[in-house]
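Structure, as structure tokens:
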Amino acid sequence: MSTGAQQTDALRVERTQTAVAGEVARLTAALIGLLGLAPDTRLELVPPAPLVENLTLKDALAQAQASPSLEVVEAEQTAVKARSAANLARFAYVPGVAIIGGYVHQDALSDTVLPENFAYVGVIATYTLFDSLKRERAVKEAAAQQQAADLGVQLTKAKAAAAVKSAYMELERSRDAYHFARQMLSPSRTGVRLVSNSDNAEASRARAEADVFRAEQRYREAYAALTLIADGQPTIR
């Protein structure tokens, strides 16, 4: 690399560092204000502990099934209501039955006709023989709505499972990218030219460390997104 190019890169890095330092100072001041600390409080960035997870697709799907999303719950409730409506529609073919009873004290008629005190019980049944096929249409319509609601539950569950699978694939990609970026910094990796052995090693290693940081950030974001989806919670985009 020529001296002019190196100077240009060094100047670009210096400008980037200055801009980043200014942004960090601004955000730090805002954080201190939110925490109610003294303006001259010094905060130190502590790197988070490495993300350790061994989540499998089977575990994610099982967790999503145990904690259904709001869409799945609403679809299941709609199916329950449709099933109840279909059962009620079938009751239209059952005759309406009423039981009546009472007690009477009378002295207008002699005991030979009616006793002076007696009780009675009766049953009344009603049934419509001809209703212009209204009952049949109502039953078929309710059955169709029940089938549509059951299909809606299946589709909603399939959509939720697809979302979990998609999020898990993103987690796998980000996990592999993160581990690969870390391996590029490992001095024990064979078959790879280490950044410390190249020209301008300090800048090369800084870029590699930045790649590791970005890969880890995407890895954590993918894991958080999958966890939210598996718990039946909406993700924030």
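The values are calculated or read from the model by the stated rules, or taken from the named source; none is laboratory data. No experiment lies behind these values; they were computed from the predicted model shown. All Cβ positions, glycine included, derive from the backbone under ideal geometry; neighbour counts span all protein chains shown.
The set of residues in the range 25-52 that are modelled with pLDDT of 80 or more and closer than 25 Å to Arg207 by Cα comprises Ala25, Arg26, Leu27, Thr28, Ala49, Pro50, Leu51, Val52. Within the range 36-63, the residues that satisfy the criterion of being farther than 23 Å from Glu221 by Cβ and loosely packed, with under 10 Cβ neighbours inside 10 Å are Gly36, Ala38, Pro39, Asp40, Arg42, Glu44.
Conditions tested, residue by residue: (1) at pLDDT below 70; (2) under 30 Å from Ala79 (Cα atoms); (3) exposed (fewer than 13 other Cβ atoms within 10 Å of the Cβ).
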{"position": "Ala158", "(1), (2), (3)": "no, yes, yes"}
{"position": "Arg173", "(1), (2), (3)": "no, no, no"}
{"position": "Asp176", "(1), (2), (3)": "no, no, yes"}
{"position": "Ser188", "(1), (2), (3)": "yes, no, yes"}
{"position": "Ala203", "(1), (2), (3)": "no, no, no"}
{"position": "Gln217", "(1), (2), (3)": "no, no, yes"}
{"position": "Tyr223", "(1), (2), (3)": "no, no, no"}
{"position": "Ala230", "(1), (2), (3)": "no, yes, no"}
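Exactly one residue out of Ala89, Ala82, Ala66, Ala119 is on the phi < 0 side of the Ramachandran plot and not assigned by TED's automatic domain parsing to the domain that holds Ala222: that is Ala119.
For the range 70-86, does any single residue satisfy the condition of being in a strand (DSSP E or B) and more than 30 Å from Ala225 (Cα to Cα)? Lay out the reasoning, then the answer.
Going through the range 70-86, the residues in a strand (DSSP E or B) turn out to be none.
No: zero hits.
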